[in-house]
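Visitor: One structure is given below, represented as structure tokens, and several questions about it will come after.
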Amino acid sequence: MTTSAERPGPHRLWIAGVAVLAVLAAAVTWFVVGRGDSGADVPAAVPTTTEPPSEEQLLAGAEAVLKARASALLASRLPQYLQYVDPENQQLRQRDQQVFANLRKLGLSRLSYQVDTNWAPEVQAQHGPSARALRVLMQLQIAGIDSAPRATSLGYTFAERDGRWLLVDDDDLAAETDLSAYREPWDLGAIEVARRPGVLVVVPAGERPNAERLAREAQPAIPIVRSITRRAQAGTLVVAMADSRSMSGEWRTGGHPAAAVAVPNFAPANPEASEFKVTGSRVVINPEQRTRADRLLLAHEFTHAAMEPLGDRAPIWLVEGFAMYVENKLAARDEYQDEIDDQRRQLLRDKIPALVVLPIDGVFHGDYDEDSYGVAWIIVEYLVSKYGQAKVNALYADLAHGPDAPAVREQVLRKHLKVGETALVAALKKYDGPG
Ligand SMILES: [Zn+2]
């Protein structure tokens with residue numbers, strides 16, 4: 001009944017950290033290999049100059065290819081899309097054609113590519129002397145779902161052949177930590193989709209019934225999430241793939257993989273793409289849970305998805321308690337009213353009296369993982385019954401904005417509730433249900 005669903009940890013910080021380290025490492029590689037490359041190791045099959053291309057030539061060539069491919073995909077012109085792909089690399093062409101078909105199925109309203117110049121080009125001599133692997137940010141917006149484009153990183157290798165720049169490989173950087181953390185659903189073979197108001201579900205080919213089931217399950221979840229969060233997303237992408245690579249190993253709650261995760265969508269916050277902002281969220285379901293995930297799990301994750309753009313500094317008890325509150329509201333409305341009442345009674349009897357402080361972020365997913373979610377739910381239910389939904393949502397927005405220092409949190413509590421943590425915990429112990 002309860003989900004052990006969890007949002008990812010400090011995803012944003014993790015991305016930024018990896019990028020900075022890799023820029024330094026890649027710059028060194030460029031320098032060393034670039035100098036050694038003009039020697040005698042150039043494959044004999046390439047009769048042209050041994051001079052590596054200038055970075056300007058490389059970037060101009062790559063940008064032109066990417067721009068043409070983006071417009072070909074948006075216009076559904078496969079021949080033009082494949083025109084810039086190495087004609088001798090049949091495996092690449094097949095993969096690329098599958099990605100084209102998959103992205104067409106998703107229905108994109110915008111698509112663009114940008115070479116990520118925060119990374120130095122990497123020599124890929126196996127594809128010829130001019131071949132360089134580049135980091136590319138693909139920005140795509142799904143029609144009717146995303147309110148802004150979302151960026152995802154690719155590693156594309158470009159080479160000059162007979163005076164033309166071509167895409168010659170797409171996996172030369174695939175082993176790098178950030179690129180191998182998880183795969184996009186459209187990179188995992190043929191997909192099918194189901195679309196209903198406010199939701200688009202992606203599944204592997206052959207699993208259409210599950211896509212339709214999930215889209216149906218989402219229907220009662222969407223309005224209750226909107227009415228409680230008072231935040232409207234145009235829609236949510238739900239990823240329910242069979243391939244374990246659709247989830248990152250980092251997406252865990254406590255000691256176990258999450259059942260589902262609301263993953264923030266990032267887009268560059270400046271033209272040079274050195275900073276990113278959250279533009280929305282998608283929901284990724286653990287492959288092992290994909291046929292079991294139901295409206296309650298979706299309500300929980302959609303709540304996270306709706307709240308994530310507010311910031312990631314809210315205390316975990318509020319983040320999880322809020323999602324549990326929405327989930328349990330839906331459960332009580334459905335057929336679980338008695339179970340919800342039993343759970344509440346048990347938590348009020350056994351867990352709430354033992355509280356000394358509000359649940360602490362660092363141990364939330366520790367020894368009493370399952371109880372943490374229940375306790376957090378009771379706290380949020382108490383706050384809503386005592387102060388009203390609007391006040392709780394304003395408190396959430398303020399705390400999510402941060403900073404997350406204890407003194408700041410205490411100040412924000414007092415601003416919205418007129419009491420601090422100690423008085424709040426004391427009052428909570430007198431709570432006996434929503435009445
Ligand atoms: Zn959660």
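The values are calculated or read from the model by the stated rules, or taken from the named source; none is laboratory data. No experiment lies behind these values; they were computed from the predicted model shown. Cβ coordinates were reconstructed from backbone atoms using ideal geometry, including for glycine residues, and neighbour counts include every protein chain displayed. Ligands, DNA and RNA are stripped out before the accessible areas are found, and what is left, the full protein with its side chains, is counted by its heavy atoms. Shrake-Rupley method; radii C 1.70, N 1.55, O 1.52, S 1.80 Å.
Visitor: Under 1.5 on a/c is rounded, so check that first for region 390-435, then, if it is not, pick prolate when a/b is larger than b/c and oblate when it is not; a ≥ b ≥ c are the square roots of the alpha carbon gyration tensor eigenvalues.
Guide: oblate
Visitor: Next question, about the same structure. In debye, nearest 20, what is the charge dipole magnitude of the chain about its Cα centre with +1 on Lys and Arg Cβ and -1 on Asp and Glu Cβ, if you could check?
Guide: Magnitude of the dipole: close to 1740 debye.
Visitor: Continuing with this model, one more query. Take region 179-245, compute every pairwise Cα distance, and split them into 5 Å bins from 0; I just need the percent in each bin.
Guide: 4, 18, 25, 19, 15, 12, 7, 1
Visitor: Now, a different point. If you wrap a convex hull around the C-alpha atoms of region 313-435 and split its volume per residue, what is the figure in Å³?
Guide: 99 Å³
Visitor: Measure nothing but the geometry: give the 0 to 90° angle between the long axis through the Cα atoms of 295-307 and the longest principal axis through the Cα atoms of the chain, rounded to 10°.
Guide: Computed tilt is about 70 degrees.
Visitor: Something else: Report in % the part of the accessible area of region 182-338 that belongs to carbon and sulfur, leaving out ligands and nucleic acids; probe 1.4 Å.
Guide: That share works out to 46 percent.
Visitor: Here's a follow-up. How high is the relative contact order of the chain? Use alpha-carbon pairs under 8 Å, at least six apart in sequence, and give a whole percent. Walk me through the numbers before you get to the answer.
Guide: Details: 762 pairs, mean separation 57.4, N = 435.
Answer for the chain is 13 percent.
Visitor: Expressed in whole Å with the largest first, what are the equivalent ellipsoid semi-axes of region 339-393 derived from the C-alpha gyration tensor as the square root of 5 times each eigenvalue?
Guide: Semi-axes (√(5λ), whole Å): 19, 15, 10.
Visitor: If I histogram all Cα-Cα distances within region 73-218 using bins 10 Å wide from 0, what percent of pairs lands in each bin?
Guide: Each 10 Å bin holds this share of Cα pairs: 11, 36, 35, 14, 4, 0.
Visitor: Give me the Kirkwood hydrodynamic radius of the chain, using the inverse of the mean 1/r over all pairs of distinct Cα atoms, in Å to one decimal.
Guide: Mean inverse Cα-Cα distance, inverted, gives 23.7 Å.
Visitor: Would you please classify the overall shape of region 198-346 from the alpha carbon gyration tensor, given that a ≥ b ≥ c denote the square roots of the eigenvalues, rounded means a/c under 1.5, and beyond that prolate means a/b larger than b/c while oblate covers the rest?
Guide: oblate
Visitor: To continue, here is another question. Taking a cut-off of 16 Å between Cα atoms, list the lysines near LYS430, but don't count ones fewer than 8 places away on the same chain.
Guide: LYS430 reaches LYS351, LYS386.
Visitor: While we're on this one: Give me a comma-separated list of calculated 3J(HN,Hα) values for region 168-182, in order, Karplus coefficients 6.51, -1.76, 1.60 applied at θ = phi - 60°, integers in Hz, x for any Gly or Pro.
Guide: Karplus-based 3J(HN,Hα) across region 168-182 equals 10, 6, 10, 10, 5, 10, 5, 7, 5, 3, 6, 6, 9, 4, 7 Hz.
Visitor: On to the next question. What do you reckon, how do ARG333, ARG245, ARG135 stack up by accessible area (1.4 Å probe), largest on top?
Guide: Most to least solvent-accessible, the answer reads ARG333, ARG245, ARG135.
Visitor: Contour minus end-to-end for ARG164 and THR177, with contour as 0.36 nm per residue of separation and end-to-end as the Cα-Cα distance?
Guide: 1.6 nm
Visitor: Report, in deg cm²/dmol and to the nearest 500, the calculated mean residue ellipticity at 222 nm for the chain, where each DSSP H run with n ≥ 4 adds -39500 (n - 2.57) and the sum is divided by the residue count.
Guide: Result for the chain: -14500 deg cm²/dmol, rounded to the nearest 500.
Visitor: Now for a separate question. At 0.36 nm per residue, and after removing the present C-alpha to C-alpha distance, how many nm does the segment from ALA423 to LYS277 gain when stretched out fully?
Guide: The ALA423-LYS277 span can extend by a further 49.0 nm.
Visitor: Which value, in Å² and to the nearest 10, is the accessible area of LYS391 when all protein chains are kept and the probe is 1.4 Å?
Guide: Spelled out: LYS391, probe radius 1.4 Å, area about 90 Å².
Visitor: Can you tell me which lysines have their Cα less than 25 Å from the Cα of LYS277? Leave out same-chain residues fewer than eight positions away.
Guide: Straight-distance partners of LYS277: LYS67.
Visitor: Using every pair of alpha-carbon atoms in region 70-109, split the distances into 10 Å bins beginning at 0 and state the percent of pairs per bin, rounded to integers.
Guide: Cα pair-distance distribution for region 70-109, in percent: 31, 55, 13, 0.
Visitor: Another one. Specify which residue in the list MET241, PRO264, LEU58 is farthest towards the positive end of the charge dipole of the chain, using unit charges on the beta carbon of Lys, Arg (+1) and Asp, Glu (-1), about the Cα centre.
Guide: PRO264
Visitor: Here is a further query. When ligands, DNA and RNA are left out and all protein chains stay put, how many square angstrom of accessible area per residue does the chain have with a 1.4 Å probe?
Guide: That works out to 45 Å² for each residue.
Visitor: Next question. Test of understanding: what is the full-extension gain from GLU410 to ASP361, defined as 0.36 nm times their sequence separation minus their Cα-Cα distance?
Guide: 16.2 nm
Visitor: Something else now. Considering the dipole of region 85-232 built from charges on the beta carbon (Lys and Arg +1, Asp and Glu -1) around the Cα centre, which of VAL85, LEU173, LEU214 is farthest to its positive end?
Guide: LEU214
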